[in-house]
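**Q** Take a look at the following structure, please.
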Amino acid sequence: MAKLELVASAVSGGNLPLPDKPSIAVLPFQNMSGDRDQEFFGDGISEDIITALSKLHWLFVIARNSTFAYKGKSADIRQVARELGVHYVLEGSVRKAGDRIRVTAQLIEAASGTHVWAERYDRAVSDIFAVQDEITGSVVGSLEPQLYAAENVRLRKRPTESLDAWGCVVRAMPYVWTWVAGDNKVGVSLLKRAIEIDPEYARAIGLLGWLYAARAHLGVAEPSEVLDGALSLGQRALDQDNDDPWAHLVLGYVHMVARRPKPAREALTEAIERNPSFAMAHMILGSSYGYAGMGAEGARHAELAMRLSPRDTIQAAVLSTIGTCHFAAGRIAEAVEFQHRAVQLRRNFGTAWRSLAAVAGLSGDLALAASALAEALRIQPNLTLDWIERYHPIAPAELRALYAEGLRRAGLS
């Protein structure tokens, strides 16, 4: 009956009910150039964004033909959202002048009219289609974390016991990417509740595996006690949905932490093939290359993650990854700089403090090395040179020995 009512509402032009998961309408980007020949560019960006967002299984995306019905109209965003039945609306504009093009995009939470995110892109137009692809990738890469953050704000006011499985996952997301022990515990609790509600929820299953692997990475759990379970959860998520890039991301991260660089890179490459704008996958792939001693390739992926989502909550982790890649390439001064920036952004970032102590020790700045080591030990009291040799994700023995030497100079025994 509910479906018949929804269809009747759509046919009659009435307002549509909101779906039970996040939903978005991408309006045609307005051509501000005064040149009708440029219409194709804005339309192409809008269509490409709709196609890319449609690959995010957790997001309900309105089809192109429905949103393009608003093309050329001065539409009220709240009314558009009511008519299409969506939580969010993405709108934008395109302006071309000479050999330069400017694209603006803004994401609006329709109920309140709040601007969740906005960005401007200025590019030279040498290859119009390459620019279109680049801007589409950047918008989609930025949108996904912003939508998660917006959903977290929207659901935060509801008590945990009233949340559905999706709500629990959204509430867990801010605790997943911090590499902070206390946050890890909160995230585990929320994801376990999501799985209790829906035992087949692949995203919750996979992210729980991620958090177990992160506990090994942080040194707050014995790797032999958590990594097998993390791998099993990641594989279970993949079995639920082989096309979900998040499941491949989780498997790649588990393999990386377990010092298996080749399967890590293979899984992470699979994630990126399914979503080329997946900033988190590029960042972890960068880490995997760095831990394997391939600093130049790792830095390329980490910098791409930063470009895809420059205001993401993973920024501290990206900086630390770039620092790891500099270390792998023998650029110790640059490694110190980036690890220092990472801990300034996130004060309880255990893995970054650990790495800052190591590279500062190698640089000869023993005061910085000692203070960083004190922070690392505060977060990971069991940190020893033996732990580094047995469990640190750095795969090449000689690179791991160099890292340990830096920590020894910092005062670790």
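**Q** May I ask you to verify whether Val188 is touching a residue at least 40 places away in the same chain (Cβ under 8 Å), out of contact with any Ser or Thr (no Cβ under 9 Å at 6 or more places or on another chain), closer than 30 Å to Thr384 by Cα and among the β-branched types (Val, Ile, Thr)?
**A** Answer is no for this residue.
**Q** From the set of residues in segment 32-58 that are of a type in the set (A, V, I, L, M, F, W, C) and buried (at least 18 other Cβ atoms within 10 Å of the Cβ), which is modelled with the lowest pLDDT?
**A** Ranking the qualifying residues of segment 32-58, first place goes to Leu56.
**Q** Considering only residues that are surrounded by 11 or more Cβ atoms within 10 Å (Cβ to Cβ) and either modelled with pLDDT under 50 or touching a Lys or Arg at 6+ places or on another chain (Cβ under 6 Å) (or both), which ones fall in segment 8-31?
**A** Across segment 8-31, the qualifying residues are Ser9, Ala10, Asn15, Pro28.
**Q** Tally time: how many residues in segment 36-86 are basic (Lys, Arg) and either outside any helix (DSSP H, G or I) or not assigned by TED's automatic domain parsing to the domain that holds Asp133 (or both)?
**A** 3
**Q** Now for a different question. Go through segment 329-388 residue by residue and tally those that are farther than 18 Å from Ala317 by Cα, in a helix (DSSP H, G or I) and of a type in the set (Asp, Glu).
**A** 1
**Q** Same structure again: Does segment 393-405 include one or more residues that are of a type in the set (Gly, Ala, Ser), surrounded by fewer than 24 Cβ atoms within 10 Å (Cβ to Cβ), touching a Pro at 6+ places or on another chain (Cβ under 6 Å) and not in a helix (DSSP H, G or I)?
**A** Checking segment 393-405: at least one residue is of a type in the set (Gly, Ala, Ser), surrounded by fewer than 24 Cβ atoms within 10 Å (Cβ to Cβ), touching a Pro at 6+ places or on another chain (Cβ under 6 Å) and not in a helix (DSSP H, G or I).
**Q** Residues in segment 283-291: is at least one at pLDDT 95 or above and touching a Pro at 6+ places or on another chain (Cβ under 7 Å)?
**A** Yes, there is a match, as at least one residue in segment 283-291 is at pLDDT 95 or above and touching a Pro at 6+ places or on another chain (Cβ under 7 Å).
**Q** Looking at segment 245-274 only, could you name the residues that are at pLDDT below 95 and within 17 Å of Met306 (Cβ to Cβ)?
**A** Ile272
**Q** Restricting to segment 73-99, name every residue that is crowded, with 16+ Cβ neighbours inside 10 Å and among the acidic types (Asp, Glu).
**A** Scanning segment 73-99 gives Glu83, Glu91.
**Q** Could you list, in sequence order, all residues of segment 111-137 that are modelled with pLDDT under 75, buried (at least 16 other Cβ atoms within 10 Å of the Cβ) and of a type outside the set (Val, Ile, Thr)?
**A** Passing the criteria: only Gln132.
**Q** Pairs under 7 Å by beta carbon, first residue under 25 Å from Thr321 (Cα atoms) in segment 157-180, partner assigned to a loop (DSSP other than H, G, I, E, B) and modelled with pLDDT under 85, six or more apart or different chains?
**A** Here the result reads Pro174/Thr313; Trp177/Thr313; Trp177/Ile314, each pair linking segment 157-180 to a residue that is assigned to a loop (DSSP other than H, G, I, E, B) and modelled with pLDDT under 85.
The values are calculated or read from the model by the stated rules, or taken from the named source; none is laboratory data. If you're wondering where the values come from, they're calculated on a predicted model, not measured in any experiment. So basically every Cβ, Gly included, is an ideal-geometry build from the backbone, and we count neighbours across all protein chains shown.
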